[in-house]
Amino acid sequence: MKRVVFSGAATTIADIAAIARENALIEVEPDVYGRLEMARVILDRAAASGQQIYGLNTGLGANLKTPVTDGIAAFQQQLVRGRGMGVGPSMQRDVTRAVLAARLAMLSVGGSGISPAVFNDLLALLNKQIHPVLPSIGSIGAGDLVLLSALAQTLIGEGEAEYMGTVHPSARALKMAGLEPASLGPKDGLSLLNASAVSVGQGALVAADATLLLELQRRAVAMSFEALGGNPQILTPAIQRARPAAGQVEEAEKLLALLDGSSLFETKTAIQDALSLRCVASIQGALAHTLETTTGAVEIELNSAADNPLVIIDEERVLSTGNFHTPSLALAFETLGLAIAQTALASAARFIQITGSGRHGLPRYLSPVGGASAGFVPLQKTVAALAGAIRHKANPVLLDFLAVSEGVEDHATQTPLAVAKCAEIVDLWRQLVACEMLAAAQAMDLRPEHRCGKGARLGCDSVRTISPGLETDRALGADVSALAESLRRL
């Protein structure tokens with residue numbers, strides 16, 4: 001079984017995806033436990049000195065000025081229960097695992113002051129595949145406390161959790177896996193809750209999915225070049241160097257490689273193609289650049305101590321912070337959604353070009369039989385609907401918040417919502433890529449005399465393992481869905 005090692009540094013989105021989707025086991029380097037133990041000593045010493053420590057001996061939010069003097073350990077249980085206000089559909093299994101993995105990675109940095117025993121309890125949840133039932137609505141991006149409350153509840157034997165494919169009361173799930181409920185010490189409850197693990201965990205999966213899908217989009221573009229008899233000279237390196245916009249040079253190189261061996265380089269082509277083909281290197285280069293930025297933003301969070309309060313081990317003190325706030329992460333995913341939308345709309349435009357009325361020397365609507373055959377043209381409506389949904393979801397949400405907690409929390413980032421809608425954009429985009437590939441493969445089949453580049457031919461062959469060529473009118477919706485699902489699994 002695959003293993004991922006947490007060291008408090010260098011955790012990647014690929015690590016989170018492996019834990020979430022391949023059930024990779026997590027191992028923890030010994031140095032992590034050294035930092036956890038030292039942070040705990042510093043935290044306990046600060047509390048014993050009489051220092052006011054948020055969430056340990058004070059209330060939270062608007063209750064900041066309310067002291068907690070009796071039952072400090074019991075207060076952590078109260079804190080966990082009192083934040084269980086999430087609603088909405090439960091998160092999918094892979095997202096739940098990603099959330100747990102993200103929180104564990106962040107705790108490994110060592111700034112939370114969490115008890116090593118509770119850290120181990122969280123580790124055991126993942127490695128034993130016990131998955132708290134996490135609601136999806138309840139965070140505005142100022143930490144994901146309300147959503148993470150369900151995680152902490154399962155850890156102490158409350159709430160519900162999925163185990164072996166069935167949802168049980170958490171206490172029963174723990175017992176079935178041979179585990180005992182965690183015993184929370186001072187600040188342990190807050191350490192589990194006061195972080196952006198939902199945003200970061202799901203964000204890691206979105207970034208991983210978008211990275212894979214961009215590779216497949218490139219393959220679809222190569223197929224569209226072949227289908228439309230596009231002019232590959234537009235990808236000439238000198239053109240890209242003349243205006244080296246973000247990602248453009250590298251994107252053109254990758255597309256040229258996919259067209260290697262194509263007879264397009266030997267035949268007469270149009271001087272200029274439609275913009276969705278002619279400008280594809282700059283469109284997708286911008287996405288590649290944005291995706292790199294977004295991945296970096298997620299990995300900063302995975303390898304950082306974003307706790308409030310924060311135990312600063314090197315200085316042996318505890319200070320309140322705003323590190324749980326994630327405006328840069330929200331902005332990264334809003335930008336990623338817009339960059340994907342640009343790329344997806346270009347894909348939709350190429351589909352319309354390929355399936356148009358006898359364009360580019362292709363049979364009308366890509367129908368071999370002609371006459372009254374509808375061919376691919378009804379699928380244009382589906383493509384338009386997908387494009388419309390993507391445009392709608394690309395509208396920013398990071399400024400949509402209200403002041404809460406009696407004005408103490410008067411700013412928010414809406415990062416979980418920005419990430420969630422970006423995940424939906426990726427799913428819609430995947431279906432558009434499937435539509436483009438399906439149409440391009442049909443067009444390539446209708447050009448038997450044309451020699452395709454190796455990357456485009458590979459794309460066409462992969463389509464044909466899922467969907468046979470269209471000979472007479474038939475329903476293509478199932479073919480699109482099957483192809484899109486195959487693109488998810490690659």
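Amide hydrogen proximity for A142: with H placed 1.01 Å from N in the peptide plane, the residues at 5 or more positions away or on another chain lying under 5 Å are T413, Q414.
Annotation: lysines with alpha-carbon distance below 21 angstrom to K187 (same-chain offsets under eight excluded): K65. For I26, the residues whose amide H sits under 5 Å from its own are V4, ignoring neighbours fewer than 5 places away on the same chain, with H placed 1.01 Å from N.
If you average 1/r across every pair of different Cα atoms in the stretch 160-303 and take the reciprocal, what Kirkwood value do you get, in Å? Before the final figure, lay out the partial values.
Values: mean 1/r = 0.0522 Å⁻¹.
By the Kirkwood definition, the hydrodynamic radius is 19.2 Å.
Only helical runs count toward this figure. For the chain, summing -39,500 (n - 2.57) over DSSP H runs of n ≥ 4 and dividing by all residues gives -17500 deg cm²/dmol at 222 nm.
Each peptide among 181-187, 266-272, 443-449 gets the average number of other Cβ atoms lying within 10 Å of its residues, and from highest to lowest they stand as 181-187, 443-449, 266-272. What the phi angles of the stretch 229-246 give under the Karplus curve with 6.51, -1.76 and 1.60, with θ = phi - 60°, is a coupling list of x, x, 8, x, 5, 5, 8, 3, x, 4, 5, 5, 5, 5, 9, x, 5, 3 Hz, glycine and proline written as x.
Assuming R0 = 45 Å, can you tell me the calculated FRET efficiency for the pair H450 and R3, based on Cβ-Cβ distance, to the nearest 0.05? Computed FRET efficiency for H450 and R3: 0.45.
Give the relative contact order (percent, whole number) for the stretch 202-487; include only Cα pairs under 8 Å separated by 6+ residues.
On the way: 426 pairs, mean separation 74.6, N = 286.
For the stretch 202-487, the relative contact order is 26 percent.
Full extension of the chain between L490 and E292 yields a length gain of 69.2 nm, computed as 0.36 nm times the residue separation minus the alpha carbon distance. What separates the Cα centres of the stretch 76-98 and the stretch 154-175 is a distance of 13 Å.
The length gained by stretching the chain between K175 and I137 to full extension, at 0.36 nm per residue less their Cα-Cα distance, is 10.8 nm. Rolling a 1.4 Å probe over the protein heavy atoms of the chain, with every protein chain left in place, gives an accessible area that is 56 percent carbon and sulfur.
Amide H contacts under 5 Å for G157: A182, restricted to partners 5 or more places along the chain or on a different chain, H placed in the peptide plane at 1.01 Å from N.
If R0 is taken as 30 Å, the Cβ-Cβ distance between T465 and H360 corresponds to a FRET efficiency of 0.70. Radius of gyration (Cα atoms) of the stretch 202-487, expressed as a multiple of 2.2 N^0.38 Å: 1.17. Residues within the reach of a label modelled at Q272 (point 7 angstrom out along Cα to beta-carbon, backbone nitrogen below 20 Å), restricted to the stretch 229-255, are 229-245. In terms of Cα to Cα distance under 25 Å, which lysines are near enough to K268, apart from those fewer than 8 places away along the same chain? Of all the lysines, those that pass the test against K268 - Cα under 25 Å, at least 8 places apart if same chain - are K254, K454. Within a straight-line Cα-Cα reach of under 20 Å, K128 can be paired with the following aspartates and glutamates, leaving aside sequence neighbours fewer than 8 residues apart in one chain: D15, E22, E27, E29, D94, E158, E160, E162, E180. Karplus-based coupling profile of the stretch 130-142, in residue order and whole Hz: 9, 10, x, 7, 9, x, 9, 10, x, 10, 10, x, 9, with θ = phi - 60° in 6.51 cos²θ - 1.76 cosθ + 1.60 and x standing for Gly or Pro. Within the chain, the whole DSSP H helices whose Cα atoms reach 18 Å or more along their own axis and whose mean Kyte-Doolittle score is at least 0.0 are 30-48, 93-107, 197-228, 280-302, 327-354, 379-393, 415-445. In a fully extended conformation the segment linking H411 and R243 would gain 56.6 nm over its present Cα-Cα distance, using 0.36 nm per residue. With a cut-off of 13 Å between beta carbons, the residues surrounding V249 carry a summed charge of 0, where Lys and Arg count +1 and Asp and Glu -1. Under Stokes-Einstein, with the Kirkwood radius over Cα pairs as Rh, the value for the stretch 85-166 at 20 °C and 1.002 mPa s is 165 µm²/s.
Here's the picture: a label point sits 7 Å out from the Cα of S49 along the beta-carbon direction, and within the stretch 298-329 the residues with their amide nitrogen under 12 Å of it are 312, 315-319.
Shape call for the stretch 1-138 from the C-alpha gyration tensor, a ≥ b ≥ c root eigenvalues: rounded (a/c under 1.5), prolate (a/b greater than b/c) or oblate?
Numbers: a/c = 2.65, a/b = 1.37, b/c = 1.93.
Oblate.
Taken per residue, the accessible surface of the chain reaches 41 Å², heavy atoms only and a 1.4 Å probe. With a cut-off of 20 Å on the backbone N, the residues of the stretch 92-111 near the modelled label site 7 Å out from E37 along Cα-Cβ are 107-111.
The values are calculated or read from the model by the stated rules, or taken from the named source; none is laboratory data. Predicted model only: the values in this text are computed from it and were never measured. Neighbour counts are summed over all protein chains in view; Cβ atoms, including those assigned to glycine, are modelled from backbone coordinates with ideal geometry. The protein model used for the area step is the full one, side chains on, heavy atoms only, and it has no ligands, DNA or RNA in it. Shrake-Rupley method; radii C 1.70, N 1.55, O 1.52, S 1.80 Å.
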